[in-house]
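The values are calculated or read from the model by the stated rules, or taken from the named source; none is laboratory data. Source: prediction; values computed, not measured. Note: ideal-geometry Cβ built from the backbone for every residue, glycine included; neighbour counts use all protein chains shown. These area figures cover heavy atoms from the full protein model, side chains too; ligands, DNA and RNA do not enter into them. Shrake-Rupley method; radii C 1.70, N 1.55, O 1.52, S 1.80 Å.
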Amino acid sequence: MDRARIGVSNMNLNATLIVQAIVFVVLGWVTMKFIWPPLIRALDERRQKIADGLAAAEQGTKSLGEATRKIAQLETDAKARAQLIIIDTEKRAQAIVDAAKAQAKAEADRLVAAGKVEADQQLARVKIALRDRVADLAVAGAEQILRREVDERTHVDLLNQLKQQL
């Protein structure tokens, strides 16, 4: 009986192994047919998204580097233009100062010339007034001399008086 049980038991074991093998093959086929393709597709999509993300990150890094270079170039250009504007402004300011100096010198020269003309005119008026006064004094002195008698001593005194009046 032991053998008979062992035989039946072997058969059950064999049948179980065969059934398990058939179930394993069916499950493998179902997995390969229905589960595996969507899983592979999901993994491929995930791999593609990761690759796209890495490419976008690399492109972003390149764009950032290019933008940094452009900013540096623009900053350099702006500094150069600002320096040129400053130099131009300084030149204009110096030209304005020079023009103001020239205008002030011309005005000063004009005022000096006008002052000289005025002084010359006043000098001429004073000379004319002095001449008139000297002529009046000479006439007055001649009158006094002619009124008195011709005496040398009196004549010298009158001339001394005339000198003092001049």
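This table checks each residue for (1) assigned to a helix (DSSP H, G or I); (2) open to solvent by 60 Å² or more (accessible area, probe 1.4 Å); (3) touching a residue at least 24 places away in the same chain (Cβ under 8 Å); (4) not β-branched (V, I, T).
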position	(1), (2), (3), (4)
V19	yes, yes, no, no
W29	yes, yes, no, yes
E45	yes, yes, no, yes
G53	yes, no, no, yes
K62	yes, yes, no, yes
G65	yes, no, no, yes
A93	yes, no, no, yes
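Just a yes or no: is a residue in segment 126-136 out of contact with any helix residue (DSSP H, G or I) (no Cβ under 8 Å at 6 or more places or on another chain) and touching a residue at least 12 places away in the same chain (Cβ under 8 Å)?
Initially, segment 126-136 is screened for residues out of contact with any helix residue (DSSP H, G or I) (no Cβ under 8 Å at 6 or more places or on another chain), giving 126-136.
Going one step further and asking which of them are touching a residue at least 12 places away in the same chain (Cβ under 8 Å), we end up with 134.
Yes, the conditions are met somewhere in segment 126-136.
If you check V134 against the conditions, is it aliphatic (A, V, I, L, M), modelled with pLDDT under 90 and in a helix (DSSP H, G or I)?
Details: aliphatic (A, V, I, L, M): yes; modelled with pLDDT under 90: yes; in a helix (DSSP H, G or I): yes.
Spelling it out, V134 is indeed aliphatic (A, V, I, L, M), modelled with pLDDT under 90 and in a helix (DSSP H, G or I).
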